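J.: Before anything else, here's the structure in question.
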Amino acid sequence: MINALLGTAPFIIFAVLAVAYLKATSAENLLSKAFSGPQWRMIFLAAFLGGLSPFCSCEVIPFIAALLAIGAPLSAVMAFWLASPLMDPAMFLITSGTLGWDFAVGKTIFSVGIGVFGGSITMIFHKSSVFLDPLRDKLQIGGCCVVKEPFVGTPVWKFWKSNDRLETFKSTTKSNAFFLLKWLALAYSIEALMIKYIPADLIVTLVGGEGFLTILIAAILGAPAYLNGYAAVPLVDALLSQGMSAGAAMSFMIAGGVSSIPAAIAVWALVKPKVFTTYLFYGIVGATLSGLIWQFTN
């Protein structure tokens, strides 16, 4: 566990500082620009920004609620929701440091692609009974983050000139460093135990094949077995070393990211069960397709 942490330390440090900088400058305010213009443009921008934004799913609840309330299309919101929990700058660096740059880049592309996929299907069927009147009557806001006001204002890139922003940078650095070290230490410990005590034959039997069924099983198993996007990286590394196929690994990570508790809470808090079920369906289908593509390109 210690060796693994030391090996990924440069990635962790850079990720922590990058996220702190984006927080201190209020770069999250740029998210609002994705929800304007033609609907196709909104879907692509929302998926792209969702896949790159370094913010907890719960933090965007009031922002998304305000957009839906004033008539922003559910298709763009769905694109953002699907892509957002799958990748961010910190997760990209941790993934690349453990699983390789190709896996991290592939997961990023699939994250944006799943957002575009879900947003496009939602746009096509926006008049169906599933997507009409999507919002709950009473929002069930809760989860891992403190709810803040919707994102407004302009980013201030030279944050160090403001004492408040400098304090934000310091506090965010500390909290994110603790968060990453806590989860990665746990995950690397579990990884070591898995490699030592779980028979490789068992992993190969469950998710070691290259067929469709293996990748679908990995997508279904991804939901209950997921801790969070950061902790999942060492676990997948252990599973790969035990015989898990490349496609199953990608499918597992993507399905788990969409169905993880923080991501699911952010969607469940705002929309009715039928929309939430559709969100999960998009995630499973997208994860399975991503796993198949990754399997046949590696």
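The values are calculated or read from the model by the stated rules, or taken from the named source; none is laboratory data. Since this is a predicted model, take the numbers as computed values, not measurements. Cβ atoms come from the backbone with ideal geometry, glycine included; neighbour counts cover every protein chain shown.
J.: Is there any pair linking a residue in the range 83-97 that is over 16 Å from G7 (Cα atoms) to one that is in a loop (DSSP other than H, G, I, E, B), with Cβ under 7 Å and at least six apart or on different chains, and which?
T.: S84/S53; P85/G229; P85/S260; D88/S53; D88/P54; P89/P54
J.: A further question on this structure: Among the residues of the range 188-200, count how many are under 11 Å from L239 (Cα atoms) and either aromatic (F, W, Y) or over 25 Å from the mean Cα position of the chain (by Cα) (or both).
T.: 4
J.: Applying the selection to the range 19-45, what residues are closer than 19 Å to K161 by Cα and outside any helix (DSSP H, G or I)?
T.: Across the range 19-45, the qualifying residues are T25, S26.
J.: Show the residue pairs meeting these rules: Cβ distance below 7 Å; 6+ apart or different chains; first residue within the range 188-203 and within 23 Å of I215 (Cβ to Cβ); second residue of a type outside the set (A, V, I, L, M, F, W, C) and exposed (fewer than 14 other Cβ atoms within 10 Å of the Cβ).
T.: I195/S241
J.: If I filter the range 1-42 down to residues being of a type in the set (V, I, T) and touching a Pro at 6+ places or on another chain (Cβ under 8 Å), which single residue comes out as farthest from G106 (Cα to Cα)?
T.: The extreme case among them is T25.
J.: Can you list residue pairs whose Cβ atoms sit under 7 Å apart, with the first residue in the range 23-41 being in contact (Cβ under 8 Å) with a residue 24 or more places away in the chain and within 14 Å of L67 (Cα to Cα) and the second being among the polar types (S, T, N, Q) and crowded, with 17+ Cβ neighbours inside 10 Å? Count only pairs 6 or more apart in sequence or on different chains.
T.: What qualifies is L31/S53; Q39/S75.
J.: Something else about it: Kindly indicate the residue of the range 28-38 that is exposed (fewer than 15 other Cβ atoms within 10 Å of the Cβ) and either within 10 Å of A72 (Cβ to Cβ) or small (G, A, S) (or both) and also modelled with the highest pLDDT among those meeting that condition.
T.: So the residue we want is G37.
J.: Tally up the residues in the range 74-105 that are among the charged types (D, E, K, R) and either at pLDDT below 90 or outside any helix (DSSP H, G or I) (or both), please. So that I can check it myself, show each step before the final result.
T.: If we filter the range 74-105 for residues that are among the charged types (D, E, K, R), which is where we start, we get 88, 102.
From what is left, the residues that are either at pLDDT below 90 or outside any helix (DSSP H, G or I) (or both) are 88.
Total satisfying the criteria: 1.
J.: Also, I was wondering about something else. For the range 142-159, which positions are over 22 Å from A72 (Cα atoms) and modelled with pLDDT of 75 or more? Step through it out loud before you land on a result.
T.: Residues of the range 142-159 that are over 22 Å from A72 (Cα atoms), as a first pass: 142-146, 155-159.
Across the range 142-159, the qualifying residues are P155, V156, W157, K158, F159.
J.: Also: Scan (1) exposed (fewer than 13 other Cβ atoms within 10 Å of the Cβ); (2) modelled with pLDDT under 90 for the single condition L139 breaks and write down its number.
T.: (1)
J.: Take the residues in the range 257-298 that are among the polar types (S, T, N, Q) and in a helix (DSSP H, G or I), then tell me which one is surrounded by the most Cβ atoms within 10 Å (Cβ to Cβ).
T.: S290
J.: Looking at the range 212-257, which of its residues are modelled with pLDDT under 85, among the β-branched types (V, I, T) and under 21 Å from S53 (Cβ atoms)?
T.: Result: no residue meets the conditions.
J.: A further question follows. Does S162 qualify as being of a type in the set (S, T, N, Q) and at pLDDT below 90?
T.: Working: of a type in the set (S, T, N, Q): yes; at pLDDT below 90: no.
No.
J.: Looking only at residues in the range 165-178 that are buried (at least 16 other Cβ atoms within 10 Å of the Cβ) and not charged (D, E, K, R), which one is nearest to the chain's Cα centre (by Cα)? Working first, answer last.
T.: Keep residues of the range 165-178 that are buried (at least 16 other Cβ atoms within 10 Å of the Cβ), which gives 165, 168-169, 172-173, 176-177.
Restricting the remaining residues to those that are not charged (D, E, K, R) gives 168-169, 172-173, 176-177.
Working: T168: 23, F169: 23, T172: 19, T173: 20, N176: 16, A177: 18 Å.
This residue is N176.
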